Amino acid sequence: NMVWEMEAGTSEDVFIQNFISTSLADNKEVIYASFNRSPQSIMLNMKIPGKADKLTILDCFTSGKGKSDRAFLKYYETQHPAAPQVIRVNRPMDISIFSETINSIQDKLSEGARYIFDSLTGMQDLWGDENSTHKFFTYMCPRLYDLGTVAYWMLEKDAHSQAFKANLRHITQVVIDLSKKKDKLFLKAVKLDGRANREAFKPHSFEIEDQHVSITPVKRETPLEIGTKIKEARIKIGMSQKDLSDKIGMTSSFISQLENNQISPSLSSFLQIAEVLGLNPAALFQKSSRKDETEWLVRRKSILGNISRKEQGYTLYNILSDDKKRLYVAIINPGAELQRHFVELKKEELIYVVRGKILIRVGNKERELEQGDSVFLKDSFPSYWKNKHTEEAELLVLCG
């Protein structure tokens with residue numbers, strides 16, 4: 001799942017166009033859920049290549065923002081033999097009807113289909129509030145992930161609150177920011193799940209010529225890494241990410257991304273954080289003159305205050321993360337049953353059972369691990385976990 005946070009005039013259509021063209025060239029089914037454009041507008045403004053039979057347009061515009069106007073309904077009165085299949089959702093403002101429609105389409109598709117939701121902002125306009133849109137995203141995003149699909153979710157970043165965007169970033173695997181400054185276009189990764197390459201999170205300028213996107217890196221000075229300093233200050237006073245997020249009225253995922261230098265705080269949030277942590281705001285902009293003598297020590301309470309991911313049945317805590325390795329503590333709840341691995345996009349992995357017992361399935365083999373057992377995985381990937389006991393299972397996970 002890729003969320004595209006875009007400003008006006010950043011040519012997001014080119015990325016959608018290339019995604020459709022590549023998907024159809026790979027013989028993949030493509031579902032285009034349109035909330036902001038009529039089918040006729042899509043046909044006029046997009047170059048639909050061959051294999052149009054693999055493309056389905058889910059028209060949520062005509063009876064949504066289009067208000068079933070005669071001008072838009074005329075499209076359905078004309079035969080379009082070479083055009084993609086178009087399905088009109090009669091009541092797109094009803095989330096349950098939209099969900100049922102898209103699920104019925106999914107049931108007929110083979111694995112690996114591609115999806116485009118042209119506007120989370122359009123969904124919000126139609127459904128009335130951010131909460132409804134967030135609930136749908138929370139349901140659909142993991143579903144598409146488990147179905148082995150690739151999905152683009154487009155949103156106008158200035159039309160949504162920081163909390164809404166932070167919640168989406170917590171759930172999705174990839175977030176791309178498109179911006180425009182002084183007639184120049186910029187792209188940067190806000191989130192790349194499982195990838196720690198710092199260069200990817202810097203803005204890159206891009207140009208478009210004949211629907212081709214060329215990207216070049218932007219030379220920047222060494223970042224001040226304000227998030228790292230905020231994290232150090234929080235840990236020093238024994239405050240958890242949740243405590244800090246509650247005090248400033250943001251989500252824990254916002255604090256996590258901030259401390260990993262993936263996002264920058266607004267001025268008001270920055271001043272609030274400094275006040276809560278008892279810091280002089282100016283100190284966060286100063287480069288450290290020396291290393292902390294105890295930087296090699298990571299207390300357990302600090303680890304348990306640094307949540308990397310929390311989902312039903314387990315919590316993943318980050319100990320360290322750099323370009324070469326990542327170290328986590330995973331807590332699997334009593335009775336929890338996980339249908340997929342809790343770590344994504346890794347090369348090699350060492351798992352050590354610190355306490356408790358846990359059942360693991362790798363390939364077609366299942367084994368119960370006990371305290372002190374280790375598992376080393378190079379090319380394999382766990383597909384199933386189960387804690388059938390009444391105590392938590394704690395795992396130390398090292399990914400390379």
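The values are calculated or read from the model by the stated rules, or taken from the named source; none is laboratory data. Here the structure is a predicted model, which means the values were calculated and not measured. Cβ: placed from backbone, ideal geometry, glycine included. Neighbour counts: every protein chain shown. Side chains included, ligands, DNA and RNA excluded: accessible areas come from the protein's heavy atoms. Shrake-Rupley method; radii C 1.70, N 1.55, O 1.52, S 1.80 Å.
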Amide H contacts of Tyr314 (H built 1.01 Å from N, under 5 Å, at least 5 apart or other chain): Asn333
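What size of dipole, in debye to the nearest 20, comes out for the chain about its Cα centre when the only charges are +1 on Lys and Arg C-beta atoms and -1 on Asp and Glu C-beta atoms?
The calculated dipole for the chain is roughly 620 debye.
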Dipole magnitude of segment 157-257, debye to nearest 20 (Cβ charges: Lys/Arg +1, Asp/Glu -1, about Cα centre): 360
Segment 327-357 and segment 125-180: distance between their alpha carbon centers, rounded to Å: 26
Heavy-atom accessible surface of the chain: percent carbon and sulfur, 1.4 Å: 48
Accessible area per residue, Å², segment 74-218 with all protein chains present, probe 1.4 Å: 51
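Return the loop-located trypsin sites (Lys or Arg not before Pro) in segment 64-146 (DSSP other than H, G, I, E, B) with at most 16 other Cβ atoms within 10 Å of their own Cβ; answer none if there are none.
Sparse-neighbourhood loop trypsin sites (Lys or Arg not before Pro): Lys67, Lys108.
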Label-point separation, Ser266 to Gln339 (7 Å along Cα→Cβ), nm: 3.7
Extension reserve of the Lys202-Glu232 stretch, reckoned as 0.36 nm per residue once the Cα distance is removed: 8.6 nm
Charge dipole magnitude, Cβ of K and R +1, D and E -1 - segment 27-107, Cα centre, debye nearest 20: 320
Angle in degrees between helix 226-236 and the longest Cα principal axis of the chain, rounded to the nearest 10: 40
Rel. contact order, % - alpha carbon contacts under 8 angstrom, at least six apart, segment 6-147: 27
At 1.002 mPa s and 20 °C, Stokes D of the chain from Kirkwood alpha-carbon radius, µm² per second: 91
Heavy atoms of Ser240 accessible to a 1.4 Å probe, total area in Å² rounded to 10: 30
Separation of the Ala71 and Lys324 label points, Cα + 7 Å toward Cβ, nm: 6.2
Placed amide H near Glu29: partners under 5 Å, 5+ positions off or other chain: Arg114
Estimated FRET transfer efficiency when R0 is 35 angstrom, pair Asn90-Asp379 (beta carbons, to 0.05): 0.10
Neighbour count of at most 12 Cβ within 10 Å plus DSSP loop: longest GluC sites (Glu not before Pro)-free window in the chain: 1-110
Relative contact order of the chain, defined on C-alpha pairs under 8 angstrom at six or more residues apart (%): 12
Entries in Lys28/Lys157; Lys157/Lys182; Lys184/Lys231; Lys202/Lys247 that, when Cα-Cα distance is taken, lie over 22 Å: Lys28/Lys157; Lys184/Lys231; Lys202/Lys247
Convex hull volume per residue in cubic angstrom - Cα atoms of segment 303-344: 67
Three-way shape call for segment 1-47 based on the alpha-carbon gyration tensor, with the a/c threshold at 1.5: oblate
Label-point separation in nm, Asp107 to Asp243, each point 7 Å along Cα→Cβ: 5.0
The chain: calculated mean residue ellipticity at 222 nm from DSSP helix runs of at least 4, using -39500 (n - 2.57): -8000 deg cm²/dmol
Positive dipole terminus of the chain, leading residue within Ile358, Val397, Ile105 (C-beta point charges): Val397
